[in-house]
1. Would you point out which residue out of A:231, A:215, A:195 is within 14 Å of another protein chain (Cβ to nearest Cβ) and acidic (Asp, Glu)?
2. What pairs come out if I take residues in region C:131-155 that are of a type in the set (Lys, Arg) and pair them with residues that are open to solvent by 10 Å² or more (accessible area, probe 1.4 Å) whose C-beta lies under 8 Å away, six or more apart or interchain?
3. Return yes when residue B:124 is of a type in the set (Lys, Arg), in contact with a strand residue (DSSP E or B) (Cβ under 7 Å, 6 or more places away or on another chain) and more than 10 Å from chain C (Cβ to nearest Cβ) and no when it is not.
4. Show me the strands (runs of 3 or more DSSP E) entirely contained within region B:36-149 in which 3 or more residues are within 24 Å of residue C:208 (Cα to Cα).
5. Among the residues in region C:172-180, are any within 14 Å of chain A (Cβ to nearest Cβ) and either under 27 Å from residue C:281 (Cα atoms) or surrounded by fewer than 22 Cβ atoms within 10 Å (Cβ to Cβ) (or both)?
6. Among the helices (runs of 4 or more DSSP H) lying completely within region C:129-227, list those that include at least 3 residues that are out of contact with any Gly (no Cβ under 8 Å at 6 or more places or on another chain).
7. Among the residues of region C:41-55, count how many are over 20 Å from residue B:150 (Cα atoms) and open to solvent by less than 30 Å² (accessible area, probe 1.4 Å).
8. If you go through region B:105-127 one residue at a time, do you hit one that is under 23 Å from residue C:20 (Cβ atoms), among the hydrophobic types (A, V, I, L, M, F, W, C) and more than 11 Å from the chain's Cα centre (by Cα)?
Amino acid sequence: MTAELVQILLFPGFVFLFAYAMFVEWFDRKAYALMQNRVGPPWFQPFADFIKLMAKEYIIPRRANPLFFLLLPTGILAFVLTTIVCLPIASNRALYPFEGDILVVAFLLTAASIVIFLMGWFSNNPFTIVGGTRAISQMISYEVPLLFAILTPAILAGSWSITEITAYLRANPILLIIQLPALIIALIALQAKLERVPFDIPEAETEIVGGPLAELSGRGLALFHLATDIEMIVGVTLLANLFLGGFSANPALGLIEFFVKTLILVFILTAMRTVMARVRIEQLVLFCWHKLVPIALVQVLIAVLIKGWWLT
Amino acid sequence: MVREYKNIDAKLKESLENAFGDKVKVENPRPHRLNVTVSRDDALEVVKHLNEKHGLTYVSTITGVDAIEHYEVIYHFFLENTVINLKAIVPKEENPWVHSIYHIIPGADLYERENKDLLGIYPKGHPDPSRQTLPEDWPEGDYPLRKDWPAKERGIR
Amino acid sequence: MAEVKIPIGPQHPALEEPELFLLTVDGEEIVKAEMRIGYNHRGMEKSAEFRTFLQTLYLFERICGICSHSHTTCYILAVEEVAGLEIPERAKFIRTLVGELERIHSHLLWLGIAGHEIGFDTLFMYSWRDREFVLDILEEITGNRVNYGINTIGGVRRDIPEGKIDDYLKALDILEERCQYYAKLAFEEGTLAARLSGVHYLSKEKAIELCACGPMARASGVATDVRFEEPYLVYDQIPFNLVTYDSGDIFGRTVVRVLEVIESIKIARYCLQNMPPGEYRLEKVPKKIPEGEAFSRYEAPRGEDVHYVRSDGGENPYRAKVRAPTMQNLLATMESLKGSYIADAPIAIASMDPCFSCTDRIALVRDIRSGKESRIRFRDLSKYGKGGER
C-alpha cells in the first residue's frame, strides 16, 4: 500500500509529473523561441509563472457561475492526473493495468476537453461562450481520427490494455512501421486536443482573447495551465507507448527512454506550431473529416487484415 | 527621365463653364489642380455633372472651413490626374447645411459626418448622419472647429 | 444559437489602438458590422490653429508613430506650395529616401502583425527582425527610430552622414534578398495562402465605389498610387513599378505589400546612388506664410494621405486638415466584413493596416459622471513622472 502511495504521489505520480510538466513547457517554449530567432525563457520560467499565478487573487466575475468556477480548474487537473493510474510512465507497466484501460485514458482526456467547454460556458462572457462552442466543434472533429489511430495498435495487439499492447508491440517492432500513418494522425489530433497552433482555434487570443480561459485569473489559471501541460505529457506518453514501443522495464533505462521518446514527440509538436498559421474552424473540420478520418479508416482496415491473415 | 502625364484640366474647365456658366468660378492655379467655387445650392449639381459626364467616383476628403463671413465646404475630388477642389459656400445661419453627396459617392459618408460633428454643417439627405468623431456625451451644438469656439477656455494650447 | 454581439475593441488584443468594431455574429458568421471611431481624437486640427507653421509640423509628426514622415511631408508640401518655396534638389532626395525607408519599415511591421493575427508568430518574429535594418538606417540618417523629425520648412534638418552610403546599400541588399524569399514563400507556401485566400474579399467595383486607396485598392486591381498619378518630390525621375494584384483578398494585400517593399528598396537605392550634391535646406525661410490655400496628396505606406492647408497671411495656419489613409479605407473594410467569419475579423481589420491615431486626431478627457472635463497638464504630468514629489 505504502509503495503504491509513493508511486502515485512521488514517482511516476504527481510530483514527478509536475516537475516534468514544467520542464516540458520550458523545452517547448525554448525550442519555439530558438526556431524564431529569439532568446527564449530561462529554465525556471514556467515554475516562476506558476508560483506567481498561484499567489494572485482568484477573481470570480459577477456573471459567472461561482460553483463551477471553483470546481472546473480542479476538475480538469483531476481528470488528466487520473490517467497515470492506467498509463505506463517510464516503465513497462502501469500502476493498475486492466483490460480496457486505453478507453479510460481516452475518456479522461475527452472529459478534460469538455471541462474547457464548460469553463467557457459558465464564465458567461461572449468571448468565452464563442470559445467554448468552438472547443466543442473542434472536439468532435479530432476525437474520431484520434480514436481510430489508437485503435490500430489495439487491434494489432488484440488487447484493450495499454500495458499489454506495449509489451506486444515491443516484442514485434516490425508492426511499429505499419502503424506509422496512425502515429502521424494521432500527433495531429493531439495538437488539436492540446489547442496549440495551428489548432488553437478555441483560444485564439487575437480573435476571442483567449476563449474559454478569458475570465480565469490567479490560481484557476495556474491550475488550468498546469493541467494543459500535464495533458501534453500524458498525450505524448500515450503515443510513445502505443506507437514507439513504450519504455524499458529497467528503471534507469526506462527513464532515459521515456525522456528521449517524449521529448522527440514534444519537439515535433513544437515544430508544428512554429511553421504554421492558425486555421479556421471550418477548415479544421473539413481537414479532419475529409483527410484524417479516411486515412485512419484505411489504417484500421490494414491493421485488421494483417491481424487476420498474418499474425494468427 | 521625366514621365509625361495626361492633362485634362482645360477640358474639365470648359465642360464645367459650359454647363453652369456664371454659377461656377473655375481656377487653374497649377497643372493638375482645379479650384471650383459654387454656392451651396449648386454643389450637388456640379458633383452630379462630374459623375455623369466624366465618371467621377473618388473623393479624397471633405474639408470644412469657418471663413468668418461664411462657411466653406471643400470637396477634394480626384479624377484622372486632376485634383478638383470643389468649394461650396455655405452662408452663416442658425443651422447651416449642404446637400449630401452620399447617394452619388458613398465614400463621402464619414467625411460628411465628421463635418457635422466638428463644424455643425448638416449633410441634407444623408441616410444616417449619426455622431462619428466626438464622444457620445459631447454636448449638442458644440462645434470645436468653429472659429468662435472658446478654445483657450476649453484647454487647447 | 441566438445573435451574439462580439465587440472588437475599444480594448482588444488584436488592436494596437482603441477603436470599436461591434460585430453581430450568427454562430461563426458576421451578419452585421458597426464601428465607432473617435477614441483617439486629439483635436490636432484645432490645436494647429494656435501654433506656428513650424510648430504644427512637429505636431503633425506626432499624428502617428509609424507614418510620421508621410504626414509631415504631405503637410510641408502644402505649406511650401502656399509660400511659393522651391526647395533644393538634395532635400527632395532625402525626403524621398526617408519616405521609402518608412514604407519598408511600415510594410514589414504590417507583415509581422498580420502574422500574429493569424497565429503565425514565426512570421512576426522574422519580419520584425528584418525591419531592424531599416530602423538602423533611419536612426543614422535622422537620429530617431520613429518620429524622425527630418522635415523642416524649406528642406530637411540633417544631411546624409558622410561615407555611410555604402553601408546602407549593403544593408538594403540583405533586406532585398530576405524580402525576395518572403515573396517566394507567400506564393509557394500552402498554409499562408490557405488561411488568407478569399478572406475579406473586396471587389474592384466596391473598391472604386467606396473610394478605397493604397495597398487595399491595389490588391483589388485598382491601379491607384499617388506616386504615379501625381508625382511629388522626385518620383517622376525614379524608375519603379506600380504593384497591383487582382485577387481582392488579404492574400493579395500581403503580396502587394511584400512586392512593394522590394520596389521601395529599389527606390531607396536609386536615391542613395543618385543623390545630387549641394545644399540640403534653404538659408532663409519666411516666418509668415502669404495668404493662400493648398491641397496636397502623398502616398503613405497605408494609402493616399491628404492634407489641406490655408493661410491668412499670419504665422499660424488658418486651417489645417488631415485625412489619413485609414479613414478612407474604413468603409470598404466594414463593407467586406459582412459575411465573413469572426475568426477572420482581426486579420480583416488588420489587413487595411489600420492606424486609428491617424484617423482620429483633443486631449479632452471627460468625466462621464460629473460631465466635467479633466485634463492632465504638462506640469502635473511631469510631477507624476517624478514620483509625485515637489
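The values are calculated or read from the model by the stated rules, or taken from the named source; none is laboratory data. Only a predicted model underlies this, so the values are computations on that prediction, with no experimental measurement involved. Every residue, glycine as well, gets a Cβ built from its backbone with ideal geometry; the counts of neighbours run over all protein chains shown. Remember, those area values only see protein heavy atoms, side chains included, never the ligands or the DNA or RNA. Shrake-Rupley method; radii C 1.70, N 1.55, O 1.52, S 1.80 Å.
1. The match here is A:195.
2. Going by the 8 Å Cβ cut-off, the qualifying pairs are C:131/C:109; C:145/C:139.
3. Spelling it out, residue B:124 is indeed of a type in the set (Lys, Arg), in contact with a strand residue (DSSP E or B) (Cβ under 7 Å, 6 or more places away or on another chain) and more than 10 Å from chain C (Cβ to nearest Cβ).
4. Correct list: B:58-66, B:70-79, B:82-91.
5. Yes, because at least one residue in region C:172-180 is within 14 Å of chain A (Cβ to nearest Cβ) and either under 27 Å from residue C:281 (Cα atoms) or surrounded by fewer than 22 Cβ atoms within 10 Å (Cβ to Cβ) (or both).
6. Correct list: C:165-188, C:190-196, C:204-209.
7. Total satisfying the criteria: 1.
8. Yes, region B:105-127 contains at least one residue that is under 23 Å from residue C:20 (Cβ atoms), among the hydrophobic types (A, V, I, L, M, F, W, C) and more than 11 Å from the chain's Cα centre (by Cα).
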